[in-house]
Amino acid sequence: MIVITVKGYLRSSGMFIPLLGKWEQRKSGMEDCVVRMEGICKYFGEKVALEHASIELHEGEVLGLVGDNGAGKSTLLKILAGVFPKDSGDIFIKGRKVRINSPRQSRSLGIEMVYQDMSLCGSLNAWENIYLGRYHTHPLRRSLLPILDKRSMARKALQSLRNLGIDLTDINGPVRNLSGGQQQAVAICRCQLFRPGVILLDEPTASMGMAEREKVLDMILDLKDQGSSIIMVTHNLQELFQVADRALVVKEGRSIWCGPLEGMEPENLAQMMFVGRA
Amino acid sequence: MGRIDRFQQLGLLTFLVIMGVLFSILSPYFMTWENLNNILVQSAVPIIVAVGMTLVIATRGIDMSIGSILAISSIFMAWTMKHGLGVAEGISLGVLSGTVMGTFNGLGIAKLGISPFIVTLGTAGIFRALALIFTEARPIYGMPLGFRILGTGQLGPVPLLIILALIVVVGGYFIIVWTRFGTNLRAVGDSQEVAYRMGVPVNRTLIAVYALSGAAAALAGIVVTARLNTAEAIAGLGIELKAIAAVVMGGTSFFGGGASVIGTLLGALIIGTLENGLTIINVPSYYQQLVIGVVFILAVMADRLLRGERDRQEKTIKQEAGL
């Protein structure tokens, strides 16, 4: 259990509410912390994207990352995913300080990300997208030449998609022909298949219909049940309360509040997101 | 292979057959074993460079320097053989020089982030100039017998050049369809950003693609030199246009994401048949250039149309799904 003490906090309706942006943490029970990012700064030229932002993700939890547009939520996730390098700050994975310079490195640390745009190659088929960069191969006949094990990849991808409740009629067709929900399933399946410790979801239900949205939320809960720790960026507070255990509010590049969602009202969270306090 | 690819290839094959029938009606000399053999031998060089170009175009790139690489590597190969090196060593050095020049292109594109057209157009000029300076525009002729056999020899009834071209086609097909690298290059062509996010080594893939294109150009240089028993600085002039036309006609899109070596083979055979047929029915050579130019533009237009159709299909599917 992590106890968060923040300078100048008020206690209201069972929650800690920040009055000042700066926070400190007493590191009790830090051992169940899968990801810790401390004092992360990121600048894009003159623009400040993140300023001493911090985040903690516990084992097996869903942490909702919320904030106004341009608050720095996606940037924070992309730094953890290795897409952007941080300008300063520290990242710890299971207590070990790490450097993440590329998505490849991030993946090797057991971190997977589902991007808002889903990051699929439209002309590649579902299993090629799922196994992109991590192909199964076997030697050609008796030679040492490795060739793609297409059958194994297609079979496992199909099975994994079925487990997520998606039945593709044509696993070899280009993913651009799939519906938004099916594409999102492929993107989630790509993460889940490699059993990562940490899954980062950037607006996983953006631009989806109601039925597909529910399906994706179920998938997220399944991932949690399978033992993954998840950080989910969302604008939809209803969804957040449906799947997340805790929430972290980011405002103008700073993390301003973090706490459990149990017993909290969405209105309080919304106020914090836009006003900076409840 | 997608449905559109199969449809396109069937269309190309039909076009090739119709063209063959037309030319054989127009000339009794067209449909003879010697002439068909001649078409294949003449198509060997375009086929080999077009396979390399297929890999390049699949990454949304272009290589304007293949003609110059062909010339300079064949000169290098001929010069080394004339100065006492064996055939195998000469060929190896020639292919190696083409690979190095291709790598140079790849480094400029991947590491400096300069557009492939600009880099390869620049190096095309540099390599051609180096070839002219080195030879003082004089041809190098009189290759060793062991080397000349490559250009004139046969394995049974099949010329060695055709076998070499087929080996390159099979190699290209294998790379694209069955290797990690092949999937990586298609992913890079689809979206470099997505490929990078998914851990694909984008820069390494691009460098390797241009290196392979350079190697293919050097292999084509072997064919040209062995056939003519001469290496010259002006060899391979304009071969880029034929290669690009064959690739685009074959279904590999300028917009990346897909690559079809079989389509490229058919595209190159169509161009070869067209050139040969026009010569046989006594059409002057400058008209042939015109026809190839028109075919090239038609192929690019067809690519755009097909892509437009695909985008429309995509939109309809998404609309039907209520997205």
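Give, as residue ranges, the helices (runs of 4 or more DSSP H) completely inside region A:102-183 that count at least 2 residues that are open to solvent by less than 50 Å² (accessible area, probe 1.4 Å) and within 7 Å of chain B (Cβ to nearest Cβ). It would help to see each step written out before you state the result.
Numbers: elements: A:103-108, A:126-130, A:150-163.
Ranges flagged: A:103-108.
Hey, could you check region A:184-195 for residues that are on the phi < 0 side of the Ramachandran plot and open to solvent by 10 Å² or more (accessible area, probe 1.4 Å) and say which is farthest from the other protein chains (Cβ to nearest Cβ)? The qualifying residue farthest from the other protein chains (Cβ to nearest Cβ) is A:Q192. Residue check: A:G209 meets all listed conditions (1) open to solvent by 20 Å² or more (accessible area, probe 1.4 Å); (2) closer than 24 Å to A:Y131 by Cα; (3) within 14 Å of chain B (Cβ to nearest Cβ) but one, namely (2). Listed by first and then second residue, the pairs linking a residue in region B:242-261 that is at positive phi to a residue that is of a type in the set (A, V, I, L, M, F, W, C), with Cβ atoms under 7 Å apart and 6 or more places separating them unless they lie on different chains, are B:G256/B:A58; B:G257/A:C121.
Would you kindly identify the helices (runs of 4 or more DSSP H) lying entirely within region B:183-253 that contain at least 2 residues that are in contact with a strand residue (DSSP E or B) (Cβ under 9 Å, 6 or more places away or on another chain)? First the steps, then the outcome.
Values: elements: B:192-197, B:202-228, B:239-249.
It comes to B:202-228.
Scan region B:262-288 for residues that are more than 19 Å from B:Y29 (Cβ to Cβ) and touching a residue at least 40 places away in the same chain (Cβ under 8 Å) and the total you get is 9.
In the set (1) at positive phi; (2) open to solvent by less than 10 Å² (accessible area, probe 1.4 Å); (3) of a type outside the set (A, V, I, L, M, F, W, C), the condition left unmet by B:E136 is number (2). Exactly one residue out of B:I18, B:I66, B:I62, B:I57 is touching a Pro at 6+ places or on another chain (Cβ under 7 Å), more than 16 Å from B:L166 (Cα to Cα) and at pLDDT 90 or above, and it is B:I62.
Taking A:I199, is it open to solvent by less than 30 Å² (accessible area, probe 1.4 Å) and over 20 Å from A:L261 (Cα atoms)? Spell out how you get there, then give the answer.
Details: open to solvent by less than 30 Å² (accessible area, probe 1.4 Å): yes; over 20 Å from A:L261 (Cα atoms): no.
No.
Of the residues making up region B:77-135, those that are of a type outside the set (A, V, I, L, M) and more than 17 Å from B:G236 (Cα to Cα) number 19. If the condition is being part of a helix (DSSP H, G or I) and among the hydrophobic types (A, V, I, L, M, F, W, C), then region B:128-151 contributes B:A129, B:L130, B:A131, B:L132, B:I133, B:F134, B:L145, B:F147, B:I149, B:L150.
Here A:I230 clears all of (1) under 13 Å from the mean Cα position of the chain (by Cα); (2) assigned to a loop (DSSP other than H, G, I, E, B) except the condition numbered (2).
Name every residue in region B:83-108 that is among the hydrophobic types (A, V, I, L, M, F, W, C) and not in a helix (DSSP H, G or I), in order of residue number. Give the steps one after another, and end with the answer.
Step one: filter region B:83-108 for residues among the hydrophobic types (A, V, I, L, M, F, W, C), giving B:85, B:87-88, B:91, B:93, B:95-96, B:100-101, B:104, B:107.
Passing the criteria: only B:L85.
Could we say that A:M15 is open to solvent by less than 20 Å² (accessible area, probe 1.4 Å), modelled with pLDDT under 55 and not basic (K, R) here? Spelling it out, A:M15 is indeed open to solvent by less than 20 Å² (accessible area, probe 1.4 Å), modelled with pLDDT under 55 and not basic (K, R). Taking the conditions exactly as written (assigned to a helix (DSSP H, G or I) and either of a type in the set (A, V, I, L, M, F, W, C) or surrounded by 19 or more Cβ atoms within 10 Å (Cβ to Cβ) (or both)), does B:G125 satisfy them or not? Answer is no for this residue. When restricted to residues that are basic (K, R) and either open to solvent by less than 10 Å² (accessible area, probe 1.4 Å) or touching a Leu at 6+ places or on another chain (Cβ under 8 Å) (or both), region A:216-247 contains 1.
The values are calculated or read from the model by the stated rules, or taken from the named source; none is laboratory data. Model, not experiment: these values are computed from the prediction. Neighbour counts run over all protein chains shown; Cβ positions are idealised from the backbone, glycine included. Quick note on the areas: whole protein, heavy atoms, side chains included, nothing else; ligands and nucleic acids left out. Shrake-Rupley method; radii C 1.70, N 1.55, O 1.52, S 1.80 Å.
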